[in-house]
Amino acid sequence: MYIWKGTLVRFLITGAAGFIGSNLAARISRSGHTVLGIDNLSPYYAPDLKKLRVEHFLTANDVQFEYLDLLELTQLQKTIESFKPDAIIHLAAQPGVRTPIGKSFQYIDNNITAFSNILQTAIELEISDFLYASSSSVYGNSTKIPYKENDKSIRPISIYGATKLANEILAPTYVSGSKTRARGMRFFTAYGPWGRPDMAYFRIINSILNGSEFSKFGSGDVKRDFTYIGDITSMIEMLASELTSHPFGYSDVVNIGGGNPYSLNDLISVISKVLNSKPKILENETNPNDTRVTCADTSILQALTGHSVEVSLESGVRKTIEWAQEISISKNLNSWVESTN
């Protein structure tokens, strides 16, 4: 349980209707803390899925929820000043690496301007702790595997990855000399129940259950460090607690992954084995924005938390499939997938 100055605390979580945000908000609230979740219910993928997460994770766990766009600085400042959080966990962002160049402004608006707005507000209001989502995408196609946080040669290959690296560059400059501590969390391919319908695992499961085509990009040899949602939220909670041991003005970045990557072909095989069926695959050329491999060096994560990820890919896939097969979920899977096409 996260204890701040010996007491239960107040958390503000952005992107609270998102995959990680909704799970995290429920987890922290169940620990006894007061949580306010904010989200603008972006139409990047099905808003109805996000609304269901609000019901399932937030409302059901006494998490306050407010519809709010982080680009509305004045309203954001009022909300934070009124709620008076002890810690902010900033997870809201424009996700994905395949948004067309004509819509690249969405990355700038939602990943840089919004980030600046909330971090600026946190510093002005002297919020003690600010944790934010970064991504393994910052590493690009680094040849130094596993990926280490202190690698100075990293170069993103997507606009998304570039905006996340920009956050990491901005954060220490913002908090220097302030009464706020900052920690960036480089997530490695989060998956699990209630996940994002643009992700490969979600689409493969839907293909098998509903007979739709799964668009496979390239040969399937790209590898990802799949990290189960329960492991991710557990690590965030522990990293938030550990951050309080540092002086104000401190800033760092930590990988959250398992250090055990699997290929897309491996993922297809595992899901097919569990469901005893194969997806309908539509072959496509390799997407240039897809990195070849992601693999986290977890040395710092383990040193800070004393823990490592626990859920294996097959176990996590089984949990996800059980969720996907629920009648209330399975009937919506296809429309959720199509909302991202």
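The values are calculated or read from the model by the stated rules, or taken from the named source; none is laboratory data. As the structure is a prediction and not an experimental result, all values here were calculated from the model. Positions of Cβ are backbone-derived with ideal geometry, glycine not excepted, and every protein chain shown enters the neighbour counts.
Candidates A240, A296, A324: the one that is of a type in the set (A, V, I, L, M), crowded, with 16+ Cβ neighbours inside 10 Å and closer than 18 Å to D198 by Cα is A324. Restricting segment 218-237 to residues that are in contact with a strand residue (DSSP E or B) (Cβ under 9 Å, 6 or more places away or on another chain) and in a helix (DSSP H, G or I), the residue that is nearest to I28 (Cα to Cα) is I236. The residue that is nearest to the chain's Cα centre (by Cα), among those in segment 215-236 that are farther than 19 Å from E314 by Cβ and modelled with pLDDT under 95, is V222. Screening segment 238-341 for helices (runs of 4 or more DSSP H) wholly inside it with 3 or more residues that are more than 30 Å from P43 (Cβ to Cβ) returns the ranges 264-275, 299-305, 313-324. Counting only residues that are buried (at least 20 other Cβ atoms within 10 Å of the Cβ) and under 20 Å from the mean Cα position of the chain (by Cα), segment 169-180 holds 1 of them.
Restricting attention to segment 241-293, the residues being at pLDDT below 95, among the hydrophobic types (A, V, I, L, M, F, W, C) and within 19 Å of the chain's Cα centre (by Cα) number 1. The criterion of at least 2 residues that are crowded, with 18+ Cβ neighbours inside 10 Å and touching a residue at least 60 places away in the same chain (Cβ under 8 Å) is met, among strands (runs of 3 or more DSSP E) falling completely within segment 1-79, by 10-14. Residues of segment 255-280 that are within 16 Å of K223 (Cβ to Cβ), among the hydroxyl-bearing types (S, T, Y) and touching a residue at least 24 places away in the same chain (Cβ under 8 Å): Y262, S263.
T143 fulfils the conditions (1) among the β-branched types (V, I, T); (2) free of Cβ contacts under 8 Å to residues at least 12 places away in the same chain; (3) outside any loop (DSSP other than H, G, I, E, B) except for a single criterion, (3).
All told, K164 falls short of being among the basic types (K, R) and either farther than 28 Å from E81 by Cα or free of Cβ contacts under 8 Å to residues at least 40 places away in the same chain (or both).
When K164 is tested against the conditions (1) surrounded by 18 or more Cβ atoms within 10 Å (Cβ to Cβ); (2) among the charged types (D, E, K, R); (3) not in a helix (DSSP H, G or I), the lone failure is (3).
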